[in-house]
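Notes for the one structure printed next.
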Amino acid sequence: MQGNGDRKGRLIEIAITILCSAIVSAATVAWTLSATLATFNEKIAVNNGRLTALESRDLTQIAQLSAQTQASSEILRRLERIEDKIDGR
């Protein structure tokens, strides 16, 4: 009977060892994934800041181009009026 109890105790010991190993592995994976996720979140925040800056710069350039287009249109209208006066229209 003593051998049977030793075998049962050994099986419980093995099961507990496997369970502890699985828990440690799961905790290690969770910690690693958490650190990786934090790094990705940091990079996303940096990239969002860069995109916002680029978008702001684009909007500024659009406004500048619009102003230049309006000025060019006005210059063309004036030139057409001058040309009309020269041609006597």
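Just so you know, all these numbers are worked out from the coordinates, no wet-lab data involved. Please read these numbers as outputs of a predicted model, since none were measured by experiment.
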Worksheet item: Out of (1) 17, 53, 26, 3, 0; (2) 15, 45, 28, 10, 2, 0; (3) 13, 14, 12, 11, 11, 9, 8, 7, 6, 4, 3, 2, 0, which label holds the value of P(r) over Cα pairs in 10 Å bins from 0, in percent that was computed here?
Response: (3)
Discussion item. If each DSSP helix of 4+ residues adds -39,500 (n - 2.57) and the sum is divided by the residues in the chain, what number results at 222 nm, nearest 500 deg cm²/dmol?
Written reply: -37000 deg cm²/dmol
